[in-house]
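Read the structure below first, then the notes.
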Amino acid sequence: MKNNETLSKGSRRTFLQLSAAATAAMAFRISTEASLAAEERNVFHPGAVVIDANENPLGPCDAARKAIVDMAPQGGRYSYWLKEEFVKTFTEMEGIKPEYLHVYPGSSEPLHFSVLSFTSPAKSYVTADPGYEAGMKAAKISGARIVKTPLTKTYAHDIKAMLAAAPDAGLFYVCTPNNPTGTMTPHPDIEQLLAAKPKSSVVLVDEAYIHFSDGVSALDLVKADQDVIVLRTFSKIYGMAGIRCGMAIGRPDLLAKLENFSGWSAMPITAMAAATASLKHEHLVPERKQLNAAIRQKTFDWLASHGYSYVPSQSNCFMLDAKRPAKEVIDAMAKRNVYIGRPWPVWPTHVRITVGTQPEMDAFHEAFQAVMKNSTTTGFVPALNRRRSHPDGQYWPEISS
Ligand code: PLP
């Protein structure tokens, strides 16, 4: 007997209501770096070196910590004006009109909402491969065709290929520095994309890691009222991934579309206080940028001197080519209590490494060397050579739906 046949009319209605609720809940499931990293994570053992989720081991700066503690007693109130103070601080610093900035608990939400707003079964989602996966998960929910294009020889987004592959584009996602490679897409390329894109499409520039790099922000394109939304987060250089603050910056008519999914909600007041204090801290970004670059360079020097290859990065993460199946290396490292990042299917022998503190990277060197000593190399083919060459030296885009 089929289960459904045993349902009474009333219980069937309840069942249908519950399934509709479950579908709606699924439709709004937001993928984050935390959830993507957690898919690979096990329970950490004491003393674990955790360099798998592009977190910042330094946490919030001292001024932000003090702001959180000072704010805690007021935690019983919504205190929405703290959000206004944050908006005022950021927009004055950047020379942007306040209505061009919307604040969220992290940038995962506006990333997700942008994809849902501007893609559909008729309007494709265009991204780089390897690229940050969260947008693709959102595009699946909106039923959009997902167009993945390989990075260029310099590991930038291949703007020409992105344009050529998707005349039906609804949203172009450009993550610069890119997650997972930490490589930049130059500002003129983004300008070129905006100039040549289909009329009704939007360019989403994810600047989660911009502060670690020497890259030029796309905020000037927002100020010029172009069809562009810039995402920023306090989860990376500001060390506030667990506190939650991010933003979408764009023309008010574009941001209004995102609000259809989120509505108005109060931000945690501790996040607002900590983010405002962090923005006002003059030395935080240059000091942390320099520290990250120094530790990253030392790691690259160590890798090069031991004959390992990696993709040079301008961020707090990079791709390391283990020249053997990535999963094998990740598991072997975890056995040594060092947790490294996930692989991307298009580069099956690369693992993503987050730049941690110097002692964490020292522990990583030791564990990696031990793991690689036991390695069996698998007739490796470099990522760039694996791509199908285009006659003029570019690469054919890889398209999936
Ligand atoms: N965009 C990119 C490229 C990321 O890597 C992340 C997190 O790692 C985010 C957005 C979102 O971060 P959050 O929601 O913590 O602000």
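Pairs from the list K148/K289; K97/K199; K88/K223; K137/K257; K236/K298; K97/K140 with a Cα-Cα gap above 22 Å: K148/K289; K97/K199; K97/K140. Extension gain, K66 to H187: 0.36 nm times the residue separation minus the Cα-Cα distance gives 39.9 nm. On alpha-carbon atoms, Rg over Rh for the chain using Kirkwood Rh? Across the chain, the Cα-based Rg/Rh ratio is 0.99. Taking a straight Cα-Cα cut-off under 20 Å and skipping sequence neighbours fewer than 8 places away in the same chain, the aspartates and glutamates within cross-link reach of K327 are E33, E39, E40, D52, D129, E133, E366. Once backbone amide H atoms are built at 1.01 Å from N, D206 has V174, C175, T176, L231 as its partners under 5 Å, excluding neighbours fewer than 5 places away on the same chain. Take the Cα of E85, step 7 Å along the line toward its Cβ, and report every residue of the range 269-284 whose backbone nitrogen sits under 13 Å from that point. So the set is 269-280.
When only alpha carbons are used to place a centre, the range 287-337 and the range 150-165 end up 24 Å from one another.
From the phi of every residue in the range 295-302, what ³J(HN,Hα) in whole Hz does the Karplus formula 6.51 cos²θ - 1.76 cosθ + 1.60 yield, where θ is phi - 60° and glycine or proline is x? Karplus-based 3J(HN,Hα) across the range 295-302 equals 5, 4, 5, 4, 5, 4, 4, 4 Hz. Bridging of K123 to aspartates and glutamates at a Cα separation below 16 Å is possible for D168, D227, once same-chain residues fewer than 8 apart are set aside. Computed from phi, the 3J(HN,Hα) profile of the range 58-73 under the Karplus parametrisation 6.51, -1.76, 1.60 (θ = phi - 60°) reads 6, x, x, 5, 4, 4, 5, 4, 5, 4, 5, 5, 5, 7, 3, x Hz, with x in place of Gly and Pro. Neighbours of V311, meaning other residues whose beta-carbon lies under 13 angstrom from its beta-carbon, give a summed charge of +2 when Lys and Arg score +1 and Asp and Glu score -1.
Annotation: the residues W81, W302, W347, sorted from fewest to most other C-beta atoms within 10 Å of their own C-beta, follow the order W81, W302, W347. Dividing the summed helix terms, -39500 (n - 2.57) for each DSSP H run of n ≥ 4, by the number of residues in the chain produces a 222 nm estimate of -12500 deg cm²/dmol to the nearest 500. When all alpha carbon pairs of the range 25-102 are counted in 10 Å bins from zero, the resulting P(r) reads 13, 24, 35, 25, 3 %.
Rule-based calculations on the coordinates, nothing more; no lab input. In this text, all values refer to a predicted model and were calculated from it rather than measured experimentally. FYI the Cβ positions are ideal-geometry reconstructions off the backbone, even for glycines, and counts take in every protein chain you see.
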